[in-house]
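Peer 1: Please read through the structure below; I'll follow up with questions.
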Amino acid sequence: MAKVKTKWVCQTCGYETVSYLGRCPECNQFGTFCEEILNQTKLAENNKPSNIILDSKITKINEIELDEKVRFKTNIDELDRVLGNGFVQGSLTLLAGDPGIGKSTLVLQTTKNICEIKKDGQNLKTLYVCAEESPTQVKLRAKRLGVAPDSLYLTNQICIDEIIKQIDEIQPDFLIVDSIQSVFCADISSSCGSVSQIRECTNVIARIAKQKNITTIVIGHVTKEGNIAGPKVLEHMVDCVINFEGDKYKQFRILRCIKNRFGAISEVGVFKMEDEGLVEVKSPSQMLLEQAQNASGSAVVATLEGSRIFLHEIQALVGSTNYTNPRRSAVGIEYNRLLQIIAVLEKKVGLNLSKQDVYVNVAGGIDIIEPSYDLALCLAIISSLRDIEIPVGTIIIGEVGLLGEIRYVDNIERRLKEAQKLGFTRAIIPSVDEKTNAKIKDIGLEIVQVKKITQAIAVGLKQA
C-alpha cells in the first residue's frame, strides 16, 4: 500500500505545515491553507535522478559551441524586444496577465510566424495545449486572427502524463501550455490550480523543455492583487517572466519583462488591441499624446521604460470638498506617491490642500513606475488648483524629494531628444553637471534647469 501523507499548504506563497493555521507565517495572509494528500511513493519513482538528468557529462565551457540558431525571432518586433532579440531554444517562458487581456491572442499570433521558420527544410512544429478551451474554440479565434499553419497541432489534454506522451509522439519544436493552472498531475490529490499541482506540473514541463530542447511558453493566471498566481518559486523555475498589463476595456497593452536569464529585464513592448488581434505600436509616445489637452491641470512628462522613452500626459483635477477628509485618487501612478507629493506641496510651497479633493490620471491607461513624473505631477496639481495653463510645448522631467528639491533622473539626454522629435520646444529639468549640459545644449530645446520646486513653479506656469 502506498504511503500517504497529509499536509496543509498556503495557496498564496506555498508554505507547508503539518496542521491547519489561521494565518500564514510566511506571507501573513489569513484563511489560505488547504489540505492536500500527497502520494510520496509515486512521486519518488517519477523523480529518480535517472529520469531527471539524461546527460551528466562534464564539459568545459570553451568546448560548448553556439550556433546562430540558438535564438529565433518571432518577427513580432515588440515581443522580440522584450525577449531580448527572440526566443532561446529550450527556454521556458511564463506569460501572466489579467483575464481577457490578450494572452492567448498573443501566443496564437506568435505561432503563425514561428511555424513559418524552417528547420532541416521543414517548418517548425508547434503543440498548443489548450487546457482551458476546446480545439474548436481555439480554431474560431485562429480564424479571426488569420492563423492557419499546417505545422500547428492542438490538444485539450490536461493530464501532464498524457501531455508528455503527446510531446513524444509529435516531437514539437515549440510548446504552449494554456494555462498551467488547468493542468494536473495524477500523483497529487489536490485540485487543479493548487500550489502543489502548479509547482509539480511546471517542474515536469521545465524538465521536458531542457531535455528535449523544446522552446516553451506557459500561460499563468494572476491574483486579484495583480501578482502571478501560485507559489513564488514558480518564477524561479522559469527562464523568463513576462507580464501582460493594461486595461482590457482600452486598446493599449504593455508587455513587460520582469525576469530574463538571456537578456535585459524591464524591457517593454506596446500593443494595441484591434478586431484582427494585437497590433504593434511603433511610436507609443505619439499615440499617447494624440488627444492631449491644452488646459489647466495637464502636464507632459518623458519616462523611461526599459530602453524606451515614453511621453505621457498627466492630468490633475483639484476641487473643493465639504467633507472632513478630502478624497485622493490616483490612476496610473502609485497612490502613496501622490500623498507624498501633496505633503511636499503643503510644506514647502505653502499650498492648503486640506479641503481640496485631488484626482490624478495618466492618460492612455498605462502605469508609470519610475519617479521622474514627480515634477510634472506637482505642476499639474498647481495648474488645476490655480486654473493656470502650462505653456504649450513644455516637457517636464524630474524627481521631487521630501525637502522640495528637484533630483536628477537618468538618461536625460535621450528623454529630451524624444521630446524634440515630437515637437516640444521647452523643457524643465533638474540641474545637471557640466558634462551632461554640454550634451543637451544642442538638442534644439529651450532648457530650463531648476533646483527647487518653487523655482519650477515660477518658470513652469504662466498667468492667465
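The values are calculated or read from the model by the stated rules, or taken from the named source; none is laboratory data. Please read all numbers here as calculations on a predicted model, not as lab measurements. With ideal geometry, Cβ positions are generated from the backbone for all residues, glycine too; neighbour counts draw on all protein chains shown.
Peer 1: Quick one: in region 143-159, of everything that is of a type in the set (A, V, I, L, M, F, W, C) and over 16 Å from Ile217 (Cβ atoms), which residue is surrounded by the fewest Cβ atoms within 10 Å (Cβ to Cβ)?
Peer 2: Ala148
Peer 1: Could you grab the pairs with beta carbons closer than 6 Å, sequence gap of 6+ or different chains, first residue in region 249-267 and closer than 16 Å to His236 by Cα and modelled with pLDDT of 85 or more, second one in a strand (DSSP E or B) and aliphatic (A, V, I, L, M)?
Peer 2: Close Cβ pairs (under 6 Å, with a partner that is in a strand (DSSP E or B) and aliphatic (A, V, I, L, M)) amount to Cys257/Ile242; Ile258/Val241; Lys259/Val241; Phe262/Val88.
Peer 1: Within region 160-172, does at least one residue satisfy the condition of being surrounded by fewer than 21 Cβ atoms within 10 Å (Cβ to Cβ), at pLDDT 90 or above, farther than 19 Å from Lys103 by Cβ and basic (Lys, Arg)?
Peer 2: Yes, the conditions are met somewhere in region 160-172.
Peer 1: Say we look at region 305-329 and pick out the residues that are within 18 Å of Arg81 (Cβ to Cβ) and at pLDDT below 90; which of these is surrounded by the most Cβ atoms within 10 Å (Cβ to Cβ)?
Peer 2: Result: Glu305.
Peer 1: Of the residues that make up region 372-389, is at least one over 25 Å from Ser354 (Cα atoms) and surrounded by 18 or more Cβ atoms within 10 Å (Cβ to Cβ)? It would help to see each step written out before you state the result.
Peer 2: So the first thing to find is which residues in region 372-389 are over 25 Å from Ser354 (Cα atoms), and the list is 372.
Subsequent filtering for residues that are surrounded by 18 or more Cβ atoms within 10 Å (Cβ to Cβ) retains 372.
Scanning region 372-389, I find at least one residue that is over 25 Å from Ser354 (Cα atoms) and surrounded by 18 or more Cβ atoms within 10 Å (Cβ to Cβ), so the answer is yes.
Peer 1: If I filter region 132-141 for residues that are touching a helix residue (DSSP H, G or I) at 6+ places or on another chain (Cβ under 8 Å) and among the basic types (Lys, Arg), do I get at least one hit?
Peer 2: yes
Peer 1: Residue check, Ser285 against (1) surrounded by 16 or more Cβ atoms within 10 Å (Cβ to Cβ); (2) modelled with pLDDT under 85, all met but one. Which one?
Peer 2: Checking Ser285 against (1) surrounded by 16 or more Cβ atoms within 10 Å (Cβ to Cβ); (2) modelled with pLDDT under 85, the one that fails is (2).
Peer 1: Kindly state which strands (runs of 3 or more DSSP E) lie completely within region 304-384 and contain at least 2 residues that are touching a residue at least 60 places away in the same chain (Cβ under 8 Å) and over 24 Å from Arg253 (Cα atoms). So that I can check it myself, show each step before the final result.
Peer 2: Values: elements: 308-320, 328-331, 356-362.
In region 304-384, the matching strands (runs of 3 or more DSSP E) lie at 308-320.
Peer 1: Let me ask something else about it. Val301 is checked against (1) in contact with a helix residue (DSSP H, G or I) (Cβ under 6 Å, 6 or more places away or on another chain); (2) of a type in the set (Val, Ile, Thr); (3) assigned to a helix (DSSP H, G or I) and fails just one. What number does that condition carry?
Peer 2: For Val301, the failing item is (3).
Peer 1: Moving on to the next point. Among the residues in region 238-247, are any loosely packed, with under 15 Cβ neighbours inside 10 Å and aliphatic (A, V, I, L, M)?
Peer 2: no
Peer 1: Is there a residue in region 427-436 that is among the aliphatic types (A, V, I, L, M), surrounded by fewer than 20 Cβ atoms within 10 Å (Cβ to Cβ) and not assigned by TED's automatic domain parsing to the domain that holds Lys272?
Peer 2: Yes; the residues of region 427-436 include at least one that is among the aliphatic types (A, V, I, L, M), surrounded by fewer than 20 Cβ atoms within 10 Å (Cβ to Cβ) and not assigned by TED's automatic domain parsing to the domain that holds Lys272.
Peer 1: Identify the residue in region 186-225 that is assigned to a loop (DSSP other than H, G, I, E, B) and acidic (Asp, Glu) and, among all such residues, is nearest to Gln171 (Cα to Cα).
Peer 2: That would be Asp187.
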